[in-house]
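A short write-up of the structure that comes next.
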Amino acid sequence: MNRFVRLVSALLMAMTSVVVPTAARAGLIGTTVSASLKDLDAPHTIFDTSAVVTNSGPEFSGTFNSITWRLDILDNGFDLEEGCPIGPPTFCSSGRLQLTISGLNFTPPATLIGLTNIDGFDPLLSGASAPSIGPSSVSITFQAFSLDSGSFYSADFRVTPRATTPFPATLLLLSVGLTASGILVAWRRHI
(Lines give C-alpha, C1' and ligand atoms only; values in the text may rest on other atoms or scores of the structure.)
Protein backbone atom coordinates (compact mmCIF):
# COMPACT_ATOMS: atom_id res chain seq x y z
CA MET A 1 0.00 0.00 0.00
CA ASN A 2 2.90 2.38 0.78
CA ARG A 3 4.23 1.94 -2.74
CA PHE A 4 0.75 2.60 -4.16
CA VAL A 5 0.46 5.91 -2.26
CA ARG A 6 3.89 7.02 -3.44
CA LEU A 7 3.09 6.06 -7.03
CA VAL A 8 -0.23 7.93 -7.01
CA SER A 9 1.39 10.99 -5.42
CA ALA A 10 4.19 10.97 -7.98
CA LEU A 11 1.70 10.68 -10.86
CA LEU A 12 -0.46 13.51 -9.51
CA MET A 13 2.56 15.77 -9.10
CA ALA A 14 3.76 14.97 -12.63
CA MET A 15 0.30 15.77 -14.02
CA THR A 16 0.26 19.05 -12.14
CA SER A 17 3.63 20.12 -13.53
CA VAL A 18 2.47 19.40 -17.08
CA VAL A 19 -1.02 20.93 -16.81
CA VAL A 20 -0.18 24.11 -14.86
CA PRO A 21 0.46 26.82 -17.46
CA THR A 22 3.80 28.56 -17.50
CA ALA A 23 4.17 32.30 -17.89
CA ALA A 24 4.65 33.15 -21.55
CA ARG A 25 6.19 36.35 -22.75
CA ALA A 26 4.83 38.52 -25.48
CA GLY A 27 6.60 38.49 -28.80
CA LEU A 28 6.34 39.47 -32.46
CA ILE A 29 8.19 36.61 -34.20
CA GLY A 30 5.88 35.18 -36.86
CA THR A 31 3.60 38.25 -36.89
CA THR A 32 2.99 40.27 -40.06
CA VAL A 33 3.98 43.87 -39.32
CA SER A 34 3.68 46.99 -41.48
CA ALA A 35 6.32 49.71 -41.34
CA SER A 36 6.93 53.00 -43.08
CA LEU A 37 9.79 55.47 -42.92
CA LYS A 38 9.18 58.90 -44.42
CA ASP A 39 11.38 61.96 -44.82
CA LEU A 40 8.88 64.67 -43.92
CA ASP A 41 10.99 67.58 -45.21
CA ALA A 42 11.53 66.21 -48.76
CA PRO A 43 8.73 64.77 -48.62
CA HIS A 44 9.67 61.23 -49.63
CA THR A 45 8.69 57.71 -48.55
CA ILE A 46 11.83 55.63 -47.96
CA PHE A 47 9.89 52.41 -47.42
CA ASP A 48 6.27 51.49 -46.76
CA THR A 49 5.47 47.78 -46.78
CA SER A 50 4.57 44.72 -44.71
CA ALA A 51 6.67 41.71 -43.74
CA VAL A 52 6.61 38.70 -41.44
CA VAL A 53 8.90 39.18 -38.44
CA THR A 54 11.72 36.62 -38.36
CA ASN A 55 15.05 36.20 -36.58
CA SER A 56 17.01 36.40 -39.83
CA GLY A 57 17.69 40.13 -40.14
CA PRO A 58 16.14 43.40 -41.33
CA GLU A 59 12.63 43.10 -42.73
CA PHE A 60 12.52 46.60 -44.24
CA SER A 61 15.04 48.72 -46.15
CA GLY A 62 15.18 51.69 -48.48
CA THR A 63 17.55 54.35 -49.81
CA PHE A 64 17.07 58.10 -50.14
CA ASN A 65 19.75 60.77 -50.86
CA SER A 66 22.44 58.04 -50.82
CA ILE A 67 21.51 57.11 -47.24
CA THR A 68 20.42 53.52 -46.71
CA TRP A 69 17.93 52.72 -43.96
CA ARG A 70 17.35 49.22 -42.55
CA LEU A 71 14.64 48.36 -40.00
CA ASP A 72 14.77 45.07 -38.11
CA ILE A 73 11.72 44.21 -36.02
CA LEU A 74 12.73 42.09 -33.06
CA ASP A 75 10.68 39.91 -30.73
CA ASN A 76 9.99 42.87 -28.40
CA GLY A 77 11.48 45.89 -30.11
CA PHE A 78 13.29 47.13 -33.18
CA ASP A 79 16.65 48.30 -34.55
CA LEU A 80 16.88 51.09 -37.12
CA GLU A 81 20.19 51.58 -38.90
CA GLU A 82 21.25 54.55 -41.02
CA GLY A 83 24.10 53.80 -43.42
CA CYS A 84 26.02 56.76 -44.87
CA PRO A 85 28.06 56.47 -48.07
CA ILE A 86 31.71 55.59 -47.49
CA GLY A 87 34.10 58.39 -48.42
CA PRO A 88 35.88 61.43 -46.99
CA PRO A 89 34.57 62.75 -43.66
CA THR A 90 31.15 64.21 -44.31
CA PHE A 91 28.00 64.91 -42.43
CA CYS A 92 25.22 62.47 -43.08
CA SER A 93 21.92 64.10 -42.29
CA SER A 94 18.33 63.59 -43.21
CA GLY A 95 15.28 65.73 -42.71
CA ARG A 96 12.68 65.08 -40.08
CA LEU A 97 11.87 61.39 -40.26
CA GLN A 98 8.68 59.63 -39.26
CA LEU A 99 8.85 55.94 -38.41
CA THR A 100 5.51 54.16 -38.11
CA ILE A 101 5.18 50.49 -37.17
CA SER A 102 1.75 48.88 -37.04
CA GLY A 103 0.29 45.41 -36.70
CA LEU A 104 1.99 44.90 -33.35
CA ASN A 105 -0.33 42.09 -32.34
CA PHE A 106 1.59 40.51 -29.51
CA THR A 107 1.07 36.82 -28.81
CA PRO A 108 0.05 36.06 -26.09
CA PRO A 109 -2.16 39.18 -25.90
CA ALA A 110 -0.43 42.20 -24.42
CA THR A 111 -0.89 45.93 -24.27
CA LEU A 112 1.77 48.23 -25.65
CA ILE A 113 2.40 50.59 -22.73
CA GLY A 114 5.49 52.45 -23.77
CA LEU A 115 8.58 52.78 -25.88
CA THR A 116 11.99 53.19 -24.35
CA ASN A 117 15.48 53.59 -25.76
CA ILE A 118 17.73 50.60 -25.05
CA ASP A 119 21.06 51.51 -26.53
CA GLY A 120 22.70 52.98 -29.57
CA PHE A 121 25.15 55.56 -30.81
CA ASP A 122 22.35 58.10 -31.24
CA PRO A 123 19.44 57.43 -28.90
CA LEU A 124 16.29 57.34 -31.00
CA LEU A 125 14.15 59.19 -28.51
CA SER A 126 16.56 62.04 -27.77
CA GLY A 127 15.50 64.93 -29.93
CA ALA A 128 12.37 63.08 -30.97
CA SER A 129 8.84 64.22 -30.44
CA ALA A 130 6.81 62.16 -28.03
CA PRO A 131 5.95 58.87 -29.72
CA SER A 132 2.34 58.28 -30.64
CA ILE A 133 1.49 54.88 -29.17
CA GLY A 134 -1.67 52.90 -29.84
CA PRO A 135 -2.68 49.39 -28.82
CA SER A 136 -1.07 47.91 -31.94
CA SER A 137 1.06 50.68 -33.45
CA VAL A 138 3.75 53.23 -32.70
CA SER A 139 4.81 56.36 -34.60
CA ILE A 140 7.94 58.42 -33.87
CA THR A 141 9.12 61.64 -35.52
CA PHE A 142 12.83 62.43 -35.12
CA GLN A 143 15.76 64.23 -36.76
CA ALA A 144 18.53 61.98 -38.07
CA PHE A 145 22.07 63.32 -38.00
CA SER A 146 25.46 61.60 -37.87
CA LEU A 147 29.05 61.68 -39.07
CA ASP A 148 30.52 59.39 -41.75
CA SER A 149 29.44 55.90 -40.80
CA GLY A 150 25.80 56.49 -40.00
CA SER A 151 23.74 55.92 -36.90
CA PHE A 152 22.21 53.01 -35.11
CA TYR A 153 18.94 53.38 -33.24
CA SER A 154 17.45 50.77 -30.97
CA ALA A 155 14.27 50.73 -28.94
CA ASP A 156 12.13 48.19 -27.16
CA PHE A 157 8.44 47.83 -26.49
CA ARG A 158 7.47 47.40 -22.87
CA VAL A 159 4.45 45.16 -22.75
CA THR A 160 2.23 44.18 -19.88
CA PRO A 161 0.45 40.87 -20.43
CA ARG A 162 -3.27 41.10 -19.81
CA ALA A 163 -4.23 39.78 -16.43
CA THR A 164 -5.17 36.12 -16.41
CA THR A 165 -7.08 34.49 -13.61
CA PRO A 166 -4.96 31.80 -11.98
CA PHE A 167 -8.06 30.05 -10.63
CA PRO A 168 -7.91 26.92 -12.87
CA ALA A 169 -4.29 26.24 -11.92
CA THR A 170 -5.04 26.89 -8.26
CA LEU A 171 -8.07 24.61 -8.41
CA LEU A 172 -5.97 21.83 -9.94
CA LEU A 173 -3.32 22.14 -7.24
CA LEU A 174 -6.00 22.16 -4.53
CA SER A 175 -7.68 19.03 -5.93
CA VAL A 176 -4.33 17.23 -6.18
CA GLY A 177 -3.55 18.13 -2.57
CA LEU A 178 -6.97 17.04 -1.31
CA THR A 179 -6.79 13.77 -3.28
CA ALA A 180 -3.33 13.00 -1.93
CA SER A 181 -4.49 13.83 1.63
CA GLY A 182 -7.56 11.57 1.22
CA ILE A 183 -5.44 8.69 0.00
CA LEU A 184 -3.02 9.16 2.89
CA VAL A 185 -5.85 9.25 5.48
CA ALA A 186 -7.50 6.16 3.96
CA TRP A 187 -4.18 4.34 3.97
CA ARG A 188 -3.51 5.20 7.62
CA ARG A 189 -7.00 4.04 8.67
CA HIS A 190 -6.43 0.79 6.81
CA ILE A 191 -3.25 0.05 8.76
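Below are the figures for this structure:
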{"item": "Any pair with Cβ under 7 angstrom, 6 or more apart, that starts in the range 172-191 at a residue that is touching a residue at least 12 places away in the same chain (Cβ under 8 Å) and ends at one that is part of a helix (DSSP H, G or I) and of a type in the set (Gly, Ala, Ser)", "result": "Ala180/Ser9"}
{"item": "Single condition Val18 does not satisfy, out of (1) closer than 30 Å to Arg188 by Cβ; (2) modelled with pLDDT of 90 or more", "result": "(2)"}
{"item": "Residue list for the range 37-59, restricted to those being of a type in the set (A, V, I, L, M), within 17 Å of Ser139 (Cβ to Cβ) and either out of contact with any Lys or Arg (no Cβ under 7 Å at 6 or more places or on another chain) or surrounded by 14 or more Cβ atoms within 10 Å (Cβ to Cβ) (or both)", "result": "Leu37, Ile46"}
{"item": "In the range 70-85, residue farthest from Asp39 (Cα to Cα) [restricted to those that are among the hydrophobic types (A, V, I, L, M, F, W, C) and in a strand (DSSP E or B)]", "result": "Leu74"}
{"item": "In the range 88-104, the residues that are modelled with pLDDT under 70 and over 18 Å from Trp69 (Cα atoms)", "result": "Pro88, Pro89"}
{"item": "Strands (runs of 3 or more DSSP E) contained entirely in the range 105-191, each with at least 3 residues that are at pLDDT below 75 and β-branched (Val, Ile, Thr)", "result": "110-120"}
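The values are calculated or read from the model by the stated rules, or taken from the named source; none is laboratory data. Everything quoted here is computed from the prediction, not taken from an experiment. For neighbour counting, all protein chains shown are included, and Cβ atoms are generated from backbone atoms with ideal geometry for every residue, glycine included.
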